[in-house]
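Student: Okay, here's the structure, questions in a sec.
The values are calculated or read from the model by the stated rules, or taken from the named source; none is laboratory data. Note that the structure is a prediction, hence the values are computed from the model and not measured. Using ideal geometry, Cβ is built from the backbone for each residue, glycine included, and neighbour counts are taken over all protein chains shown. The protein model used for the area step is the full one, side chains on, heavy atoms only, and it has no ligands, DNA or RNA in it. Shrake-Rupley method; radii C 1.70, N 1.55, O 1.52, S 1.80 Å.
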Amino acid sequence: DAMPSDPAVEALVNKWIAIQDQNLRQVVDEPYEVVYNAKIPLDGLEKSVRNKQTNLGQLIASAMWKSSSRPIDAAFFNGGSIRIDDQLAGEILAIDIFRAMPFGGAVCEVEMTGGLLVKMLDTGLQNKGTGGYLQWANLSRNNTDTHWLLGGQTIDPAKIYRIATNDFLLTGKETRMDFFTPEHPDIKSVTRPKDNTELGSDIRKAVIAYMKSF
């Protein structure tokens, strides 16, 4: 702070900050608004989100789960979507969510069989250590770690569940998840946001709204 700014560098920095803010305001009204106070640091470290469930991953998945006006059974997304490789603590600004998830993407509602849901969750575990490890909400393993639960109940392979996920996963381009596309016979429907007024039009918009609800 004691060093004077170089006018040429300062002008260049201000130019790109203005471009950044103009783009962020296409998603949120105020990028520098405080949206959450994290008394416990939110873990976005790469070694964490690609290997275990973290509080930041669960918060993002919960935001996806709650972003729809229709009932959603659960949510998951690939941990590699989180790129900040840091922890968020104290006052969190809207712009911090863009730092955490620079790629954005829409939240899609997918009606799928429980069998396909279990296959995706199992594959997420196989992807431990990579960006294809899944972070989730309203999903868990049972006490003996032998099968999956949704809302505390064993997942029925034949039942149709409505799951929120990020649109990238539906491309089938994630590690070992090439089967997960809208053409899969166990996917009964895919609902995408109609326009950018919906929270699900950008996962970061959904997360910021969810944070502000507390």
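Student: Quick one: in segment 175-208, of everything that is outside any helix (DSSP H, G or I) and farther than 20 Å from residue 111 by Cβ, which residue is most open to solvent (accessible area, probe 1.4 Å)?
Tutor: 176
Student: Identify the single condition in (1) crowded, with 17+ Cβ neighbours inside 10 Å; (2) out of contact with any Gly (no Cβ under 8 Å at 6 or more places or on another chain) that residue 47 does not satisfy, given that it satisfies every other one.
Tutor: So residue 47 meets the others, but not (1).
Student: How many residues does segment 99-127 contain that are more than 18 Å from residue 156 (Cα to Cα) and not aromatic (Phe, Trp, Tyr)?
Tutor: Filtering segment 99-127 for residues more than 18 Å from residue 156 (Cα to Cα) gives 99-109, 124-127.
Now drop any that are not not aromatic (Phe, Trp, Tyr), which leaves 99-102, 104-109, 124-127.
Total meeting the criteria: 14.
Student: Quick one: which residue in 165, 113 is open to solvent by less than 30 Å² (accessible area, probe 1.4 Å), closer than 23 Å to residue 27 by Cα and among the hydroxyl-bearing types (Ser, Thr, Tyr)?
Tutor: 165
Student: Considering segment 126-162 alone, what residues qualify as being among the hydroxyl-bearing types (Ser, Thr, Tyr) and open to solvent by less than 50 Å² (accessible area, probe 1.4 Å)?
Tutor: 130, 133, 140, 161
Student: Still on this structure, I have one more. Does segment 114-141 hold any residues that are part of a loop (DSSP other than H, G, I, E, B) and among the β-branched types (Val, Ile, Thr), and which are they?
Tutor: 130
Student: Go through (1) buried (at least 18 other Cβ atoms within 10 Å of the Cβ); (2) of a type in the set (A, V, I, L, M); (3) in contact with a strand residue (DSSP E or B) (Cβ under 9 Å, 6 or more places away or on another chain) one by one and return the number of the condition residue 84 breaks.
Tutor: (3)
Student: Residues that are of a type in the set (Val, Ile, Thr) and free of Cβ contacts under 8 Å to residues at least 60 places away in the same chain: list the helices (runs of 4 or more DSSP H) wholly contained in segment 1-113 that include at least 2 such residues.
Tutor: Once the helices (runs of 4 or more DSSP H) in segment 1-113 are filtered for at least 2 residues that are of a type in the set (Val, Ile, Thr) and free of Cβ contacts under 8 Å to residues at least 60 places away in the same chain, what remains is 7-24.
Student: Search segment 91-106 for residues being of a type in the set (A, V, I, L, M) and open to solvent by 10 Å² or more (accessible area, probe 1.4 Å), and hand back the single one that is farthest from residue 37 (Cα to Cα).
Tutor: 106
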